[in-house]
Amino acid sequence: MIIKNVLIISDDDKDRLGELNFVAKKFSDNIDAIVFTNKKELEIDVKKAYGINNIPPNSIETILPLASKYDVILTNGTVGAHIGGILTLKLSASCVFGVSEIKYDEFIFSHSAYGDKAVIDYKPEHLPLVLILKEKYFEQLTTNQLMEIEWLECKKDNIEIVKEEKIEKEVELDKAKIVIGGGRGIGSKEGFAILERIAKLFGGVVGASRAAVDNGWISHQYQIGQSGAMLSASLYFAFGISGATQHLSGIKNVKCVVAINKDEEAPIFKRARYNIVADWKDFAMALINELEETNG
Amino acid sequence: MINIGVCIKAVPDYEVPAEKFYLQGNRMSGDYKYVLGLYDEHALEVGLQLRSKLESKLYAISYTKKEYVSTLKKALSMGADELIIIESSNDDPFQTAYNLANIIEKYNIEIVILGRVSSDLEREMVPPLVAGILNRIYLPYIVSISSESNGKSFLCVQQLDNKNLHLLIKEKFVASITDAPCNLPRIPNLKEIMKSKTKPLITEEEINFEKFNWAQELSAKIPKYEYINETLPNDDLSFTAKLLLENLKKEHCL
Ligand SMILES: Cc1cc2nc3c(=O)[nH]c(=O)nc-3n(C[C@H](O)[C@H](O)[C@H](O)COP(=O)(O)OP(=O)(O)OC[C@H]3O[C@@H](n4cnc5c(N)ncnc54)[C@H](O)[C@@H]3O)c2cc1C
């Protein structure tokens, strides 16, 4: 299939834009972008950057006529979730949602299913094509090119924003170098205080499995996995975590995993570099002693 | 009276460990228990909270194989008023969305709520397609919906990466729900379970809509990952800790 041009649709998050820009370049050099932003300039390697200072649900009518001029429409994140399906329908486009891998020469797009236990390949058969990329599965294109923005107006606001609350993040799990994770095996909030001590000694942060979050021992901000953060740490400790595939997808990019579990059959041991079959608390206390001794 | 529709799906137990996971063709195969989709339960909870504050009726709607009806009945014991089943073994997202949209129109459903993503194929396609087919506004990542001026407008709280938006909407819409402490699904109590046995279960005919050529599905595979593991001795955990720290330093992980 000959792709003449590509349209990126995104918010102004640098990482998300970088990933879309990287994939777009693989298809064509003829790239434009529509970005939801209030910035004056954007670091992006495209021919033309359009800006929308509104929310995606109010912008569909504005985006549609422009999007209809492109062979491939690339999007991701919450913007992708808002507009991907509607664009597919209205443009009678082919589509793949949640793309985690692309075989560019064969025009095959992979999507993981069943909590990352399986990968399904799709081949679109016609253009235009709408692709919603999974975040953090693609390289980022970095550029110093600053693009000026041509602003697009939304005709009518169907939705009114009555309040906007900033979520103050206590932790940036995705950027932390060392993460001390705890799961259902930790058994209580107090258990997480012990993990916090280890995190401090390492200069790292605490993270958790969904089971620990669901039990209310730690807030959702600390969740790692398919519906939580995707780590890029060099070291991850999994204390009392079984290693469900939905959790493992969040530690896919971690360099070294240390697993502590009392069940020697726990699936996390297959993913870990170092396995310790023990009660988590016994090992945690031994580790704290050792770290305190070496740190003086 | 406002009609609320929550679209639900029975999915194979997502707690099945990877070692017990098999594929037959491109789909999960084996004798697994079926459960309600994880996000669908949150969607039901949002719908039920809305119904409790508004003169309304809540329909749970599923495009599904007949054999999963008993799983889907959990929606009735959670509190849905009626369960509508569109029997089918098709899982194409466009056929699913067209059939759901058809029922939503037939039953005059004003507020449509779905889980963010189905817990099996995880394509996240059906909710926006339903909205597109119905020409309604689509709001993903919603965690709660409340009624303003007795159903004339609705306030939806949307949870995005670093902010919560409170959105006021005065027309029919489709929302997909993400999980949050405020929509933790209720556990049906005995009284509700007993009451659910007399609630209506309606079966509707599937309609074969024209096929939407979105992509050809090729093969599915179970990805294989190889990692080098080393089990450390565990008879003296102080020694284990010391050994581990030495190894982590050697491998430049610290
Ligand atoms: C759509 C969807 C999305 C999901 N997203 C996520 C996600 O983002 N992140 C996530 O983590 N999960 C996610 N899950 C849930 C996932 O399937 C698992 O349920 C969850 O990861 C299990 O958490 P866990 O390992 O802490 O608990 P369990 O699986 O219960 O494991 C607890 C482990 O602790 C061990 N243990 C118990 N006591 C001790 C002790 N004293 N010392 C040492 N070890 C002990 C046990 O041997 C066991 O291996 C998702 C599920 C679905 C369906």
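The values are calculated or read from the model by the stated rules, or taken from the named source; none is laboratory data. Nothing here was measured: the structure is a model prediction, and the numbers come from that model. Ideal geometry is used to build each Cβ from the backbone, glycine not excepted, and the neighbour counts take in all protein chains shown.
Listing for the model above:
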read-out: Qualifying positions in the stretch A:252-264 - within 8 Å of the ligand (Cβ to nearest atom) and at the interface with another protein chain (Cβ under 9 Å from one of its Cβ atoms); value: none
read-out: Residue check for B:Ser62: free of Cβ contacts under 8 Å to residues at least 40 places away in the same chain, among the small types (Gly, Ala, Ser) and away from the ligand (no atom under 13 Å from the Cβ); value: no
read-out: Leading residue by the ranking (farthest from the other protein chains (Cβ to nearest Cβ)) among those in the stretch B:8-56 that are in a strand (DSSP E or B) and out of contact with any Ser or Thr (no Cβ under 7 Å at 6 or more places or on another chain); value: B:Ser56
read-out: Test: residue in the stretch A:230-240 that is touching a residue at least 40 places away in the same chain (Cβ under 8 Å), touching a His at 6+ places or on another chain (Cβ under 9 Å) and either more than 9 Å from the ligand (Cβ to nearest atom) or not in a helix (DSSP H, G or I) (or both); value: yes
read-out: Selection from the stretch A:214-228 of residues that are hydrophobic (A, V, I, L, M, F, W, C) and near the ligand (Cβ under 8 Å from one of its atoms); value: A:Ile224
read-out: Failed item, numbered, when B:Gly151 is tested on (1) farther than 29 Å from A:Ala229 by Cβ; (2) at pLDDT 95 or above; (3) in contact with a strand residue (DSSP E or B) (Cβ under 6 Å, 6 or more places away or on another chain); value: (2)
read-out: Top-ranked residue in the stretch A:265-292 [being more than 9 Å from the ligand (Cβ to nearest atom), within 9 Å of another protein chain (Cβ to nearest Cβ) and charged (D, E, K, R); ranked as farthest from the chain's Cα centre (by Cα)]; value: A:Glu290
read-out: Some residue of the stretch A:40-47 being modelled with pLDDT under 95, surrounded by fewer than 23 Cβ atoms within 10 Å (Cβ to Cβ) and of a type in the set (Lys, Arg); value: yes
read-out: Yes/no for A:Lys252 being among the basic types (Lys, Arg) and part of a helix (DSSP H, G or I); value: no
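The rows are residues; the columns are (1) more than 16 Å from the ligand (Cβ to nearest atom); (2) in a loop (DSSP other than H, G, I, E, B); (3) under 27 Å from A:Lys281 (Cα atoms); (4) at pLDDT 95 or above.
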position	(1), (2), (3), (4)
A:Ile132	yes, no, no, yes
A:Lys136	no, yes, no, no
A:Glu139	yes, yes, no, yes
A:Glu164	yes, no, no, yes
A:Ile180	no, no, yes, yes
